[in-house]
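The values are calculated or read from the model by the stated rules, or taken from the named source; none is laboratory data. All values reported here derive from a predicted model rather than from experimental measurement. All Cβ positions, even for glycine, are placed from backbone atoms using ideal geometry, and neighbour counts span all protein chains on display.
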Amino acid sequence: MEKMSGRTSQLFRGSVTFLRKCLFNVISIGPIPDHIAFIMDGNRRYAKKQNSAEGAGHKAGYSSLMSMLGYCYELGVKYVTVYAFSIDNFKRRPEEVQYLMDLMLEKIDELLEHEGIINQYGIRVYFIGNLKLLNEPVRVAAEKAMKATAKNNKAVLLVCVAYTSRDEIVHAVKESCKNKRRELQTHLGSKVANGASEGVEEDKKMGLNKGLVIHDAQDDGLEGSEAVEKTDRMLYKGEGNSDDIATRTCKGLLEDAEVREKQRKLPSIKLVDVEKHMYMGVAPNPDILIRSSGETRLSNFLLWQTANCSLSSPAVLWPELGLRHLVWAVLNFQRSYQYFEKKRKKI
Ligand code: FPP
Ligand code: MG
């Protein structure tokens with residue numbers, strides 16, 4: 001009798017998998033997102049709803065994450081990002097923080113098990129965030145997982161821990177400044193090494209050695225009409241005859257242009273430099289962001305990366321999130337695909 005019911009459930013599971021594959025084939029007629037990000041909200045509320053201990057909600061949340069990962073990779077989504085622990089979460093009760101860290105440690109080990117999802121789908125794992133803030137065992141486990149999966153290349157899982165978007169942006173700007181300062185030192189250093197000390201002195205006079213230059217692409221010096229206005233102002237103040245003033249103004253403008261030209265050649269911080277130093281720089285920007293439990297806040301998650309992203313906020317709590325919610329989010333993404341593509345091309 002037991003054997004029969006086991007066989008029936010196996011048959012049932014097989015049919016469900018088959019139907020899911022058929023559904024994914026139909027969805028794949030349209031564009032499939034490269035990257036889906038999740039804010040896994042509502043785990044404690046789920047535990048309360050079930051009259052269980054708070055931790056049971058997070059455990060159920062992990063199971064839900066595993067099913068969602070399976071669906072995403074089956075559908076052909078290459079990158080999945082999850083918000084597992086924000087820097088603000090450190091402000092929760094110490095017992096809860098400890099519980100979450102212990103759960104993370106246990107689950108990281110589970111992820112790496114031979115039979116686990118990581119090997120099934122060939123997933124490379126990244127832990128994204130200010131990892132220095134994690135306790136040592138979790139940090140070591142996270143580093144071990146990144147190293148162990150570094151050669152996997154079929155799919156990518158990005159787990160954001162000790163992460164907030166503002167912290168990531170500050171980190172990226174600081175790193176870009178450090179890099180450019182190094183470039184600037186090399187630039188000045190090579191001038192001295194080439195015996196062009198005159199040039200260095202000249203740069204100093206022009207204030208070019210003071211630090212980094214942030215360029216404005218529109219800033220091309222005085223326009224012709226401004227130069228005429230400047231000449232007029234000098235004439236009005238009785239600062240010389242018109243020919244004399246015009247010559248002086250032109251000379252000044254030429255010098256200005258020279259300084260600007262020199263500044264243009266100096267290392268400057270550009271958008272791509274900041275992007276390169278983002279923790280999330282290892283993945284393309286997400287196409288879809290799903291936040292469970294009906295909340296519509298971003299809560300300091302991927303603020304930089306979601307400028308052109310389809311947002312979805314199903315009302316269910318994270319452990320209740322199912323295939324239908326994912327399918328709905330993907331269909332919405334496909335509906336607005338042309339719009340987002342146009343926006344991306346403009347950038
Ligand atoms: C937010 O729900 C969720 C978290 C703070 C943690 C979620 C973590 C997991 C599911 C485990 C992940 C583990 C690995 C290894 C990836 P909440 O606590 O804010 O719930 P609430 O909104 O009901 O209060
Ligand atoms: Mg919450």
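Things to note:
- Residue tally, condition within 16 Å of ligand 1 (Cβ to nearest atom) and in contact with a Ser or Thr (Cβ under 6 Å, 6 or more places away or on another chain), over the stretch 275-293: 3
- Those helices (runs of 4 or more DSSP H) of the stretch 16-128 in which 3 or more residues are surrounded by fewer than 21 Cβ atoms within 10 Å (Cβ to Cβ) and more than 11 Å from ligand 1 (Cβ to nearest atom) occupy 54-75, 94-111, 117-121.
- The residues of the stretch 257-292 that are at pLDDT 85 or above, in a helix (DSSP H, G or I) and charged (D, E, K, R), listed by number, are D273, E275, K276.
- Test set (1) at pLDDT 95 or above; (2) out of contact with any strand residue (DSSP E or B) (no Cβ under 9 Å at 6 or more places or on another chain); (3) within 16 Å of ligand 2 (Cβ to nearest atom) - E74 fails condition number: (3)
- When residues of the stretch 130-186 are limited to those that are of a type in the set (S, T, Y) and more than 25 Å from V77 (Cβ to Cβ), the one surrounded by the fewest Cβ atoms within 10 Å (Cβ to Cβ): T186
- Qualifying residue in the stretch 95-116 (condition: within 16 Å of ligand 2 (Cβ to nearest atom) and within 23 Å of the chain's Cα centre (by Cα)): no
- Residue ID - nearest to ligand 2 (Cβ to nearest atom), chosen from residues in the stretch 306-320 that are farther than 23 Å from G30 by Cα, of a type outside the set (V, I, T) and assigned to a loop (DSSP other than H, G, I, E, B): L317
- Residues satisfying the stated conditions in the stretch 126-145, i.e. under 13 Å from V159 (Cβ atoms) and in contact (Cβ under 8 Å) with a residue 12 or more places away in the chain: Y126, F127, I128, G129, L131, L134, V138, A141, A142, E143, A145
- Positions within the stretch 136-167 being more than 19 Å from M104 (Cβ to Cβ) and in a helix (DSSP H, G or I), in sequence order: S165, R166
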